[in-house]
1. Please list, by residue number, every one of the chymotrypsin sites (Phe, Trp or Tyr not before Pro) in segment 112-203 that is coil in DSSP and has at most 14 other beta-carbon atoms within 10 Å.
2. Summing Lys, Arg as +1 and Asp, Glu as -1, what charge do residues with Cβ under 13 Å from the Cβ of GLY98 carry, GLY98 excluded?
3. Relative contact order (percent) for segment 2-199, with alpha-carbon contacts under 8 angstrom and 6 or more residues of separation?
4. Provide the percentage of antiparallel DSSP beta bridges, counting only those with both residues in the chain; round to the nearest 5.
5. In whole percent, and with a 1.4 Å probe on the protein chains, what portion of the accessible area of segment 2-199 is carbon and sulfur?
6. Keeping every protein chain present and rolling a 1.4 Å probe, give me the accessible area per residue for the chain in Å².
7. With +1 on each Lys and Arg Cβ and -1 on each Asp and Glu Cβ, how big is the dipole of the chain about its Cα centre, in debye rounded to the nearest 20?
8. Given the options CYS143, ILE93, ALA190, identify the residue whose Cα lies farthest towards the positive end of the charge dipole of segment 69-203 (+1 on Cβ of Lys, Arg; -1 on Cβ of Asp, Glu).
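The values are calculated or read from the model by the stated rules, or taken from the named source; none is laboratory data. Quick caveat: nothing in here was measured; it's all calculated off a predicted structure. All Cβ positions, even for glycine, are placed from backbone atoms using ideal geometry, and neighbour counts span all protein chains on display. Calculation scope for accessible area: heavy atoms of the full protein, side chains included, ligands and nucleic acids excluded. Shrake-Rupley method; radii C 1.70, N 1.55, O 1.52, S 1.80 Å.
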Amino acid sequence: MDNQKRAETFTYALDGNLYLNLTSKCTNDCTFCVRNERADYFGHKLWLSREPSAEEIAAQLPEDIGRYKEYVFCGFGEPTLKLPVLLEAAAEIKRRGGVTRLNTNGQANMIWKRDVTGELAPVVDKINVSLNEATAEAYAALCRPAFGEAAFAGLQDFAAKCARRGIETWFSVVDIIGREKIDACRAIAAACGVSLRVRKYIG
Ligand code: SF4
């Protein structure tokens with residue numbers, strides 16, 4: 001059991017950030033998800049057989065919280081599925097002076113059937129919502145959300161609410177979708193009051 005515990009990767013350092021891995025579950029089933037392809041990511045085994053508690057995450061934080069630029073709730077799955085753990089761990093990081101970021105599919109309000117952005121705002125500094133596509137139909141085909149095409153409007157509403165609460169919020173897309181779609185995504189972002197970040201595709 002102890003060996004099994006030790007084998008879990010709840011946190012890992014990358015590019016000066018500490019990534020926090022709360023769950024392997026997700027409400028999407030993206031065709032490109034690394035969960036479909038490999039059990040590790042940059043050498044880290046991210047597929048969890050057991051999910052961490054907030055205390056276990058807190059125990060893995062460095063004594064010097066400034067050691068990492070950002071503490072990023074990310075991982076293989078959707079962090080907001082573990083909202084109570086996320087909020088507790090983020091509050092501890094904020095209490096100690098760290099910067100927190102959430103990488104999400106933006107479906108938290110659909111998952112929890114209420115507006116959770118007011119709970120996120122005090123403890124999450126930055127939110128990166130994966131937009132991925134320019135239309136609900138294309139998003140549903142690419143990300144295969146449990147909520148169907150409604151997920152696309154849902155994630156936009158979530159991002160807009162996060163921005164209105166003062167969280168630094170942006171949508172992300174990958175450059176391979178092409179100029180036309182990127183322009184359409186930029187318009188969606190503007191309508192939501194968030195920015196758009198275009199990431200370079202890494203095959
Ligand atoms: S939202 Fe992220 S974790 Fe979920 S299936 Fe898509 S790529 Fe994977």
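1. TYR201
2. Working: positive: ARG67, LYS69, LYS94, ARG95, ARG96, ARG101, LYS126; negative: GLU63, ASP64, GLU70, GLU92, ASP125.
Neighbourhood net charge equals +2.
3. 19
4. 25
5. The computed percentage sits at 50.
6. Counting only protein heavy atoms, the per-residue value for the chain is 49 Å².
7. Values: 27 positive and 26 negative charges, 39 e Å.
So the magnitude is around 180 debye.
8. Most positive-ward Cα: ILE93.
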